[in-house]
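Inspection log for the structure reproduced underneath, given as structure tokens.
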Number of protein chains: 2
Amino acid sequence: MDQETRGPGRTGKRAPYANGAKKRAELVEAAFRVFAEKGYLGLSIRQIAEAVGTSHTALLHHFGSKEALLEAVLVLREEREGPWRQELISEKGLLETVPAVMRHNAGIRGVIHLDATLRAEAISPDHPAHHFLLRRNQDFVDSVQSELERELAAGRLREGFPPAVLARQITALVDGIQLSWLYDESVDMAEHLQGFMDLIKKT
Amino acid sequence: MDQETRGPGRTGKRAPYANGAKKRAELVEAAFRVFAEKGYLGLSIRQIAEAVGTSHTALLHHFGSKEALLEAVLVLREEREGPWRQELISEKGLLETVPAVMRHNAGIRGVIHLDATLRAEAISPDHPAHHFLLRRNQDFVDSVQSELERELAAGRLREGFPPAVLARQITALVDGIQLSWLYDESVDMAEHLQGFMDLIKKT
């Protein structure tokens with residue numbers, strides 16, 4: 001999911017494939033904005049095609065389905081958001097990064113709405129994004145857990161609270177607070193995550 | 001969940017209304033089980049009607065829409081779950097009750113799935129269940145907050161952590177952990193909520 005589709009190394013004749021890949025990337029880019037602004041559920045593939053300035057047929061040609069387009073949008077999101085978060089963790093540590101990510105997320109409502117919508121729709125194992133979202137969440141839990149292990153080893157966390165449990169709590173809290181905030185933007189997401197960090201910090 | 005729907009004990013000329021109300025209650029009861037087993041999104045109103053053993057027309061007559069039926073199901077859920085939780089809180093206090101509720105919820109997957117699905121769908125303010133779910137969540141936050149204030153006054157909570165923030169964290173954590181568990185039932189929901197209670201308890 002986090003790798004681009006690779007061509008089998010053809011030359012000369014690559015132009016058609018390269019053009020296809022470029023067009024596909026443009027469509028993902030456009031759909032990203034459309035989903036971010038308007039969400040996913042309320043749009044038909046025809047409406048999406050219209051909003052991104054292409055035809056229904058072209059969209060289906062490139063992606064096969066509305067869900068597959070959404071999956072491509074989520075991959076794009078990861079590519080953009082992932083490195084930024086990872087840099088911040090390296091620089092500031094996990095305890096400061098999570099609240100900072102929540103402040104950032106308050107500026108990308110459409111994406112957060114999209115995540116919440118798709119995450120619930122994809123609970124069923126036969127949903128096309130199920131395995132991607134399951135794995136993305138598990139990767140998030142794992143990366144938070146290894147940061148927590150580092151914090152614990154550095155003596156910055158209260159003892160007696162297993163990093164595996166804390167990691168799942170943090171990621172679940174992010175999901176739940178985002179959902180609360182989607183219903184009521186007066187909920188301060190960063191404050192709630194900061195509060196959790198204060199609970200687990202060694203005092 | 002473990003109580004039956006109680007009739008209002010009407011007799012005589014009230015029969016037409018009473019029959020309508022009784023039929024409606026039976027349909028809600030049946031739909032509760034259907035939604036719990038099969039979820040909500042994948043079913044058309046015709047499929048729901050078939051599963052509850054009535055006609056499409058009868059279902060629309062009683063509820064007006066699939067969404068309104070779902071709302072009735074959620075109201076029924078609250079009527080059943082609410083008193084049970086409230087009794088447990090009075091008896092055991094909030095800190096023990098929340099993990100106990102999570103253990104209970106692990107036995108009603110369909111309902112938890114239903115909640116997660118509807119909650120995400122109803123983020124849009126024009127969804128028929130939006131205001132109901134917003135208010136239900138706010139009521140939950142408020143009741144947890146007042147229990148936390150009681151615990152704090154009794155000297156059982158760490159100081160310096162505002163009950164309003166803790167209450168939102170607990171309810172968000174419940175939502176987020178339930179979502180994690182819906183994807184992976186090896187996630188121990190009670191353990192994660194117990195862990196949070198251990199973080200906020202005075203040691």
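No value in this document is a laboratory result; all are computed from the given coordinates. The shown structure was predicted, so the numbers you read here are calculated from the model rather than taken from an experiment. Please note: Cβ atoms are built from the backbone with ideal geometry, for glycine as well, and neighbour counts cover all protein chains shown.
Working from Cα pairs under 8 Å separated by at least six residues, relative contact order for region B:19-112 is 34 percent. Here, region A:67-200 yields an orientationally averaged convex hull projection of 8.0 nm² when only Cα atoms define the hull. What's the whole-number percent of alpha carbon pairs in region A:32-131 lying beyond 22 angstrom? Roughly 38 percent, rounded to a whole number.
The long axis of helix A:94-105 is offset from the longest Cα principal axis of chain A by roughly 40 degrees. Between copies, B:ASP139 shows label-point distances of 4.1 nm, shortest first, with the point placed 7 angstrom from Cα along Cα to C-beta.
Taking the C-alpha atoms only, the angle from helix A:130-153 to the longest principal axis of chain A is near 30 degrees. If exposed GluC sites (Glu not before Pro) are those in a DSSP loop with at most 14 other Cβ within 10 Å, what is the longest stretch of chain A that has none? With GluC sites (Glu not before Pro) excluded where exposed in loops, chain A gives A:5-158 as its longest stretch.
Placing a label point 7 Å from Cα along the Cα-to-Cβ direction at A:GLN47 gives distances to the equivalent points in the other copies of 2.1 nm, listed shortest first. In chain B, the longest principal axis of the Cα atoms and the axis of helix B:189-200 are about 40 degrees apart.
Model label points for A:HIS131 and A:THR203, set 7 angstrom from Cα along the Cα-to-Cβ axis, are 4.7 nm apart. Sequence-distant contacts, meaning Cα pairs under 8 Å at least 6 residues apart, place the relative contact order of chain B at 21 percent.
Within the listed set B:LEU157, B:LEU114, B:LEU74, the Gaussian network model of chain B (springs between alpha-carbon atoms below 10 Å) gives the highest mean-square fluctuation for B:LEU157.
With distances taken between every two different alpha-carbon atoms, the protein assembly as shown has a Kirkwood hydrodynamic radius of 23.3 Å. Cross-linked pairs A:LYS92/B:LYS201; A:LYS92/A:LYS202; A:LYS201/B:LYS202; A:LYS202/B:LYS202; B:LYS23/B:LYS66: Cα-Cα separations exceed 19 Å for A:LYS92/B:LYS201.
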